[in-house]
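Undergrad: Mind having a look at this structure? Questions to follow.
Throughout, read-outs are computed from the coordinates displayed, never taken from laboratory work. No experiment lies behind these values; they were computed from the predicted model shown. Positions of Cβ are generated from backbone atoms using ideal geometry, with glycine treated the same way; all protein chains shown enter the neighbour counts.
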There are 2 protein chains.
Amino acid sequence: MTTLTAALPNIFSTLEHDHKKCVSKALDTAQHLCVVRGVQLTPIRLQVLELIWDSHKAVKAYDLLDRFKLQQQAAKPATIYRALDFLIEQGLIHRVESLNAFVGCNCSEHQHELLLLICKHCHEVDERPAPKVMAVLSEEFSQAGFIAYSKAIEAQGICLKCQQSQDEQNSLTGRTDLSVNLKPYSVFDLSQD
Amino acid sequence: MTTLTAALPNIFSTLEHDHKKCVSKALDTAQHLCVVRGVQLTPIRLQVLELIWDSHKAVKAYDLLDRFKLQQQAAKPATIYRALDFLIEQGLIHRVESLNAFVGCNCSEHQHELLLLICKHCHEVDERPAPKVMAVLSEEFSQAGFIAYSKAIEAQGICLKCQQSQDEQNSLTGRTDLSVNLKPYSVFDLSQD
DNA sequence: ATCAAGGATGTTATAATATAACATCACACT
DNA sequence: AGTGTGATGTTATATTATAACATCCTTGAT
């Protein structure tokens with residue numbers, strides 16, 4: 001079993017992922033960075049960050065608001081959006097553009113460009129550094145004479161964990177293919193007409 | 001002059017870009033693809049496509065609606081969104097996730113993954129095939145055991161044309177740097193603490 | 001000790017983006 | 001004529017995000 005899970009690239013596999021540790025590392029880093037930068041990680045901002053780190057799924061602002069309200073009943077959208085703005089500015093979370101949602105950044109202490117692997121099935125987001133991709137991207141930019149100020153590489157797909165649990169289901173139901181319910185990203189090509 | 005403009009990677013440079021030709025090519029391709037695929041490029045869908053191709057800027061749905069209303073006063077959001085859905089499905093336009101906006105696809109006849117260079121200044125979007133980027137990306141996916149169904153690579157920055165026109169302005173105003181008004185995508189790195 | 005300045009938050013309202021749900025229409029096939 | 005399908009019309013509403021202005025709190029200058 002250990003060998004199996006050790007082989008899994010998916011870092012959130014429940015068998016090897018200690019989420020409490022993961023969260024406390026993220027919060028510690030956040031505290032540290034804010035102190036160093038002389039910015040305030042206020043109770044509201046910290047609470048929102050904690051809510052985001054509740055899972056590795058991308059969360060919607062209004063879902064955060066609903067959960068935030070359990071503690072601060074009078075909270076309004078602006079409360080959440082302001083906290084989100086701050087956290088994004090400080091690189092502590094990412095905005096997932098293709099979902100209008102937010103996810104904790106798991107390497108906020110480093111300068112980095114981001115590759116987000118977004119699972120359509122479980123909605124977890126796996127953030128990867130992907131330096132090779134970024135190097136090639138930079139080449140493209142300079143070829144185009146383009147000065148890039150932000151890069152958001154977001155890929156929608158199915159994570160390994162969900163592929164596997166789907167495989168299990170399929171072995172029971174007789175289904176063989178996950179992709180039947182999904183449209184591949186490009187289904188037409190007339191270039192060889 | 002010809003040599004100068006010929007050296008410009010920016011394909012929308014007004015000096016070399018015949019937009020009428022560009023649009024009619026796009027519309028012809030769209031018509032052709034729809035016939036081949038047996039789907040209907042209805043008057044509404046065609047009109048919306050034309051409105052989008054009015055420029056190479058990304059357009060908002062409600063801006064399209066406003067312009068559409070000049071011809072069909074009673075039009076409602078659903079009219080536009082339905083047309084947009086169709087055009088996206090057919091690969092005739094792209095949704096720019098980071099802007100909640102839409103832009104014509106300039107190579108809809110080919111299967112392709114997209115690299116969108118989005119100019120913060122003029123809002124034009126330069127779509128590039130970028131096969132190298134995509135190859136490296138695919139490597140990343142397989143390393144992660146991730147099955148990707150869509151890729152949207154969107155980079156925000158300043159296109160060459162705007163850099164140049166800004167340079168001209170700066171030579172008059174004495175400014176030297178475009179980036180002063182812009183936040184680079186990563187301004188902090190504590191990794192060498 | 002006041003007072004001004006700046007940052008954070010509270011509060012109300014509204015803007016901007018997008019979809020649901022159901023009715024109707026038009027055309028194609030039988 | 002009847003039926004099915006895809007497109008559109010129409011109303012309403014959901015979802016996401018920001019504007020604008022008031023208040024409060026800390027800090028530092030006078």
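Undergrad: Quote the FRET efficiency, to the nearest 0.05, computed for B:VAL35 versus A:ASN100 with a Förster distance R0 of 35 Å and r equal to the Cβ-Cβ distance.
TA: Rounded to the nearest 0.05, the efficiency is 0.50.
Undergrad: Sticking with this structure for a sec: Could you check the spin-label model distance between B:GLN143 and B:HIS17? Points 7 Å from the Cα along Cα→Cβ, value in nm.
TA: Placing both labels 7 Å beyond Cα along the Cβ direction yields 3.5 nm.
Undergrad: Also, quick follow-up: Can you give the mean number of other chain Cβ atoms that lie within 10 Å of the Cβ atoms in peptide B:132-145?
TA: 6
Undergrad: For the stretch B:145-153, in order, what is each residue's ³J(HN,Hα) by Karplus, 6.51 cos²θ - 1.76 cosθ + 1.60 with θ = phi - 60°, in whole Hz (x at glycine and Pro)?
TA: With the stated coefficients, the stretch B:145-153 comes to x, 9, 9, 8, 10, 7, 10, 10, 9 Hz.
Undergrad: Follow-up question, since we're still on this one. Please report, in debye to the nearest 20, how large the charge dipole of the stretch B:1-159 is about its Cα centre when each Lys and Arg carries +1 at its beta carbon and each Asp and Glu carries -1 there.
TA: For the stretch B:1-159, the charge dipole is close to 400 debye.
Undergrad: Once you put a point 7 Å from the Cα of B:ASP66 and another 7 Å from the Cα of A:GLN73, both along the Cβ direction, what distance in nm separates them?
TA: 4.2 nm
Undergrad: Roughly speaking, what % of Cα-Cα pairs in the stretch B:77-142 are separated by over 16 Å, rounded to a whole number?
TA: Here the tail beyond 16 Å accounts for 54 percent of pairs.
Undergrad: Let me ask something else about it. Taking each label point as 7 Å beyond Cα in the direction of the beta carbon, state the distances from A:GLN40 to the same residue in the other copies, shortest first, in nm.
TA: Output for A:GLN40: 6.0 nm, nearest copy listed first.
Undergrad: With N residues in the stretch A:16-108, what two-decimal value do you get for its Cα radius of gyration over 2.2 N^0.38 Å?
TA: After normalising by residue count via 2.2 N^0.38 Å, the value is 1.02.
Undergrad: With charges only on Cβ, +1 for K and R and -1 for D and E, what is the dipole size of the stretch B:54-138 about its Cα centre, in debye, rounded to 20?
TA: 240 debye
Undergrad: For A:VAL96, list long-range residues whose amide hydrogen, built 1.01 Å from N in the peptide plane, is under 5 Å from its own amide hydrogen.
TA: A:ALA101, A:PHE102, A:VAL103
Undergrad: If you count, for every residue in B:109-119, the Cβ atoms of partner chains within 10 Å of its Cβ, what is the mean?
TA: For peptide B:109-119, the averaged partner shielding equals 4.
Undergrad: Shifting gears a bit: Treat every Asp and Glu Cβ in the stretch A:16-108 as -1 and every Lys and Arg Cβ as +1, leave all other atoms uncharged, and give the resulting dipole magnitude about the Cα centre to the nearest 20 debye.
TA: The dipole magnitude comes to about 200 debye.
Undergrad: If you don't mind, another one. Could you name the lysines in cross-link range of A:LYS151, using Cα to Cα under 18 Å and dropping any fewer than eight places away on the same chain?
TA: The qualifying lysines are A:LYS132, B:LYS120, B:LYS132, B:LYS151, B:LYS183.
Undergrad: Same structure again: Would you mind checking which residues have amide H under 5 Å from B:GLU124's amide H? H placed 1.01 Å from N; only 5 or more apart, or other chain.
TA: Counting only residues 5 or more places away or on other chains, the set is B:CYS119.
Undergrad: Then there is this: What are the nm distances, shortest first, from B:SER165 to its equivalents in the other copies, labels at 7 Å along Cα→Cβ?
TA: List, nearest first: 5.1 nm.
Undergrad: Mind checking B:55-65 for the average number of partner chain beta-carbons within 10 Å of each residue's beta-carbon?
TA: Values: counts 0, 0, 0, 0, 0, 0, 0, 0, 0, 0, 0.
The shielding value for this peptide is 0.
Undergrad: With the label 7 angstrom out along Cα to Cβ, how close does A:CYS122 come to the same site in each of the other copies, in nm, nearest first?
TA: Nearest to farthest, the other copies are at 4.5 nm.
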